[in-house]
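K.L.:
Sending over a structure as structure tokens; questions will come in a sec.
The values are calculated or read from the model by the stated rules, or taken from the named source; none is laboratory data. This structure is a prediction, so every number in the text was calculated from the model and none was measured. Cβ: placed from backbone, ideal geometry, glycine included. Neighbour counts: every protein chain shown. The area values use the complete protein model at the heavy-atom level, side chains included, leaving out ligands, DNA and RNA. Shrake-Rupley method; radii C 1.70, N 1.55, O 1.52, S 1.80 Å.
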Amino acid sequence: MRLGVLDIGSNTVHLLVADAHPGGRPLATTSRRTVLRLMRYLTPTGAISEPGIRALEDAVAEARAHARAEGVAELLATATSAVRDATNGTEVIRRIEDALGQPLQVLGGEDEARFTFLAVRRWFGWSAGQILLFDIGGGSLEIAAGADELPAAAASVPLGAGRMTVTFLPEDPPGEVAVDALRAHARETLAPIVATFRDQPTPDHVAGSSKAIRSLAKLAGYPVPGWSGSERLMLPRAALGSWIPRLARLPASARQELPGITADRTFQIVAGAVVLHTAMREFGIDELEVSPWALREGVLLRYLESLAWG
């Protein structure tokens, strides 16, 4: 069957269309994104403004039309931290559902971590052993760890790249003082999370998912041979750290000329780098491997699993 996953995130409205069947590997046919950067539309009270809601409605309606044109039999629509945390979230959800013509599943932070962990586990397989996962979105950072398909520990903190850009790095370029303030905030926010993960076994494999981490790995990481001719990307903490001062000195218009930094990520890539580097340091991680699969694939895999057992 042809399935679609619509991920309404803090940075983009992203439609993934894939041909899939229970027990098989999903084969993506289409991936379409509308860049919104919803953090720009937050009011001082934490609500999504009327222009932001209209932009969401337009993007969702466009994705719905494209899914129909692609022959999608089932559209799985989810929303994450930007909608979840908005003070007018109830109204935003109602209007999204009206534009979508179906219910919207709003994921909690830990659920988001669990879906993403499932996708990462399936991608790397059981041989990866104990996995520690970092996933940076526009609004939140998800962390999960475990040796099974469901993580033994999962957490979500409001350290997303878009949210931190608006809060700590609004100037372009942000400069070292602002970067230091963000680093201190990230360290303080992560301290209780690190404590809760302390009982987890030492990871055999550390993975990073999300577009922000892939972009940073293309900038500061290196490729290694993969299986069946695929390429794997590794991101060392030291290399990432060496790039942060340079990124903070460059204006956004210049950052998009760097390897891996696309126009839709150029404004928030500095915050993403600072948060990821701080998380790796606080957890004692020297290097991670990028996972091509993340939240959307996790939602798809969980749905297929329910069909198989049903």
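K.L.:
Go through segment 75-101 and give me each residue that's part of a loop (DSSP other than H, G, I, E, B), exposed (fewer than 14 other Cβ atoms within 10 Å of the Cβ) and of a type in the set (S, T, N, Q).
P.N.:
Residue satisfying the conditions is T87 alone.
K.L.:
Does G260 fit the bill of being surrounded by fewer than 21 Cβ atoms within 10 Å (Cβ to Cβ) and assigned to a loop (DSSP other than H, G, I, E, B)?
P.N.:
For G260, the condition - surrounded by fewer than 21 Cβ atoms within 10 Å (Cβ to Cβ) and assigned to a loop (DSSP other than H, G, I, E, B) - is met.
K.L.:
Among the residues in segment 103-111, are any part of a helix (DSSP H, G or I) and either more than 20 Å from T12 (Cα to Cα) or open to solvent by 50 Å² or more (accessible area, probe 1.4 Å) (or both)?
P.N.:
Yes, the conditions are met somewhere in segment 103-111.
K.L.:
Report those strands (runs of 3 or more DSSP E) wholly inside segment 1-74 carrying at least 2 residues which are open to solvent by 60 Å² or more (accessible area, probe 1.4 Å), among the polar types (S, T, N, Q) and at positive phi. So that I can check it myself, show each step before the final result.
P.N.:
Details: elements: 2-8, 12-19, 27-35.
Filter on segment 1-74 gives an empty set.
K.L.:
While we're looking at this one, here's another question. Regarding P259, is this residue closer than 26 Å to V17 by Cα and touching a helix residue (DSSP H, G or I) at 6+ places or on another chain (Cβ under 7 Å)?
P.N.:
Judged against the criteria, P259 is not a match.
K.L.:
Then there's this: Can you spot a residue in segment 130-146 that is crowded, with 18+ Cβ neighbours inside 10 Å, in a helix (DSSP H, G or I), touching a residue at least 24 places away in the same chain (Cβ under 8 Å) and of a type in the set (A, V, I, L, M)?
P.N.:
From segment 130-146, those crowded, with 18+ Cβ neighbours inside 10 Å are 131-146; that's our starting set.
Now drop any that are not in a helix (DSSP H, G or I), which leaves none.
Checked against the condition, which is being crowded, with 18+ Cβ neighbours inside 10 Å, in a helix (DSSP H, G or I), touching a residue at least 24 places away in the same chain (Cβ under 8 Å) and of a type in the set (A, V, I, L, M), segment 130-146 yields no hits at all.
K.L.:
Kindly provide the set of residues from segment 169-223 that are surrounded by fewer than 22 Cβ atoms within 10 Å (Cβ to Cβ), among the polar types (S, T, N, Q) and out of contact with any strand residue (DSSP E or B) (no Cβ under 8 Å at 6 or more places or on another chain), ordered by number.
P.N.:
T202
K.L.:
Right, next: Let me confirm something: among R95, R25, R40, R54, which residue is out of contact with any strand residue (DSSP E or B) (no Cβ under 7 Å at 6 or more places or on another chain) and within 27 Å of W293 (Cβ to Cβ)?
P.N.:
Exactly one of R95, R25, R40, R54 is out of contact with any strand residue (DSSP E or B) (no Cβ under 7 Å at 6 or more places or on another chain) and within 27 Å of W293 (Cβ to Cβ), namely R25.
K.L.:
Might you check whether a residue that is outside any helix (DSSP H, G or I), touching a Lys or Arg at 6+ places or on another chain (Cβ under 6 Å), in contact (Cβ under 8 Å) with a residue 12 or more places away in the chain and open to solvent by 10 Å² or more (accessible area, probe 1.4 Å) occurs anywhere in segment 272-283? First the steps, then the outcome.
P.N.:
Initially, segment 272-283 is screened for residues outside any helix (DSSP H, G or I), giving 283.
Still in the list and also touching a Lys or Arg at 6+ places or on another chain (Cβ under 6 Å): none.
Scanning segment 272-283, I find no residue that is outside any helix (DSSP H, G or I), touching a Lys or Arg at 6+ places or on another chain (Cβ under 6 Å), in contact (Cβ under 8 Å) with a residue 12 or more places away in the chain and open to solvent by 10 Å² or more (accessible area, probe 1.4 Å), so the answer is no.
K.L.:
What single numbered condition from (1) within 24 Å of Q268 (Cα to Cα); (2) open to solvent by 20 Å² or more (accessible area, probe 1.4 Å); (3) free of Cβ contacts under 8 Å to residues at least 40 places away in the same chain fails to hold for V166?
P.N.:
That leaves (3) as the condition not met.
K.L.:
So, one more: When segment 182-221 is examined, which residues are found to be under 18 Å from T165 (Cα atoms) and among the basic types (K, R)? Before you say what the answer is, go through the steps one by one.
P.N.:
So in segment 182-221, the residues under 18 Å from T165 (Cα atoms) come out as 182-190, 210-213, 215-216.
Scanning segment 182-221 gives R183, R187, K211.
Here is a yes/no grid of residues against (1) under 22 Å from R246 (Cα atoms); (2) touching a helix residue (DSSP H, G or I) at 6+ places or on another chain (Cβ under 9 Å); (3) at pLDDT below 95; (4) among the hydroxyl-bearing types (S, T, Y):
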{"position": "R121", "(1), (2), (3), (4)": "no, yes, no, no"}
{"position": "G138", "(1), (2), (3), (4)": "yes, yes, yes, no"}
{"position": "F168", "(1), (2), (3), (4)": "yes, yes, no, no"}
{"position": "A178", "(1), (2), (3), (4)": "yes, yes, no, no"}
{"position": "H185", "(1), (2), (3), (4)": "yes, yes, no, no"}
{"position": "I193", "(1), (2), (3), (4)": "no, yes, no, no"}
{"position": "Q200", "(1), (2), (3), (4)": "no, no, no, no"}
{"position": "L219", "(1), (2), (3), (4)": "yes, yes, no, no"}
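K.L.:
Take the residues of segment 30-56 that are in contact with a Leu (Cβ under 9 Å, 6 or more places away or on another chain) and in contact (Cβ under 8 Å) with a residue 40 or more places away in the chain: which is nearest to V72 (Cα to Cα)?
P.N.:
Only one residue fits best here, namely T30.
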